[in-house]
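The values are calculated or read from the model by the stated rules, or taken from the named source; none is laboratory data. A quick note: this is a predicted structure, and the numbers were derived from the prediction, not measured. Every residue, glycine as well, gets a Cβ built from its backbone with ideal geometry; the counts of neighbours run over all protein chains shown.
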Amino acid sequence: MAHDRWVTHSGEESGRPTMLPMPGVPAAPPPGASAQEVAPSASAMRRVLRRARDGATLNVDEATTLLQARGDDLADLCSSAAKVRDAGLLAAGRPRAVTYSRKVFIPLTRLCRDKCHYCTFVTVPGKLRAEGRGAYLEPDEVLEIARQGAELGCKEALFTLGDRPEDRWPEAKQWLDERGYDSTLDYLRAMSIRVLEETGLLPHLNPGVMSWEEISRLKPVAPSMGMMLETTSTRLFT
């Protein structure tokens with residue numbers, strides 16, 4: 001009878017699995033603790049910086065220690081990071097070459113259903129009216145921005161927008177209804193197609209939270225999509 005085989009940390013076969021450690025999040029500092037009380041010791045910092053210079057793989061605790069690097073320690077850390085970067089580029093066959101893609105910024109709408117108070121992008125309908133702007137960019141405005149970007153050598157159209165503003169703002173829903181769109185995502189898809197076909201720019205979409213079906217519908221017209229994730233800390237879950 002055949003038995004399942006497993007590989008241990010050392011690479012040897014074993015008849016039972018080796019439990020790998022679960023990644024963890026460093027514990028929060030005690031309430032009221034000062035920066036000095038939670039800062040690593042000088043010897044701990046020197047040890048981790050030495051391991052970084054040697055190219056060692058750092059664990060979570062060591063990486064957390066490096067978050068406190070300042071002054072000469074920070075310069076030391078940056079030097080080690082640069083060596084890792086350069087080695088990776090060399091291994092990829094493009095030494096000292098950092099690639100990038102030129103994008104033109106298309107703010108399809110600055111309305112959003114959320115209330116993230118740190119956000120400086122989102123606004124409200126009243127302010128848009130005061131500025132003489134609509135709830136969304138009109139198709140001609142979208143294409144004009146895209147054409148200008150293409151003329152300047154851009155390769156991508158970065159669509160930025162709020163998350164489903166029609167769920168919160170009647171003005172957004174009315175704007176979409178009057179133009180025959182069921183949702184912001186429907187309008188985004190239509191504009192992505194036009195930009196792609198009429199300017200050749202590749203749409204990159206940042207439309208917020210989407211279902212799998214919605215992502216699948218946008219995928220054929222957008223080579224890339226993104227979402228800004230502020231944190232994964234469960235301490236902030238409410």
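Values as computed for the structure displayed
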quantity	calculated
Yes/no for Asp114 being under 22 Å from Met191 (Cβ atoms) and part of a helix (DSSP H, G or I)	no
Yes/no for Leu137 being outside any loop (DSSP other than H, G, I, E, B) and either touching a residue at least 12 places away in the same chain (Cβ under 8 Å) or among the aliphatic types (A, V, I, L, M) (or both)	no
Any chance Tyr100 is surrounded by fewer than 17 Cβ atoms within 10 Å (Cβ to Cβ), part of a loop (DSSP other than H, G, I, E, B) and aromatic (Phe, Trp, Tyr)	yes
Those residues of region 189-222 which are outside any helix (DSSP H, G or I) and either of a type in the set (Gly, Ala, Ser) or touching a residue at least 40 places away in the same chain (Cβ under 8 Å) (or both), in sequence order	Gly200, Leu201, Leu202, Pro203, His204, Leu205, Asn206, Pro207, Gly208, Val209, Ser211, Ala222
Count of residues meeting criterion [buried (at least 20 other Cβ atoms within 10 Å of the Cβ) and either aromatic (Phe, Trp, Tyr) or assigned to a loop (DSSP other than H, G, I, E, B) (or both)] in region 170-181	1
Residue check for Val98: within 30 Å of Leu202 (Cβ to Cβ) and either touching a residue at least 60 places away in the same chain (Cβ under 8 Å) or in contact with a strand residue (DSSP E or B) (Cβ under 9 Å, 6 or more places away or on another chain) (or both)	no
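Table: residues versus (1) modelled with pLDDT under 95; (2) assigned by TED's automatic domain parsing to the domain that holds Glu151.
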residue	(1), (2)
Thr199	no, yes
Asn206	yes, yes
Ser211	yes, yes
Thr231	yes, no
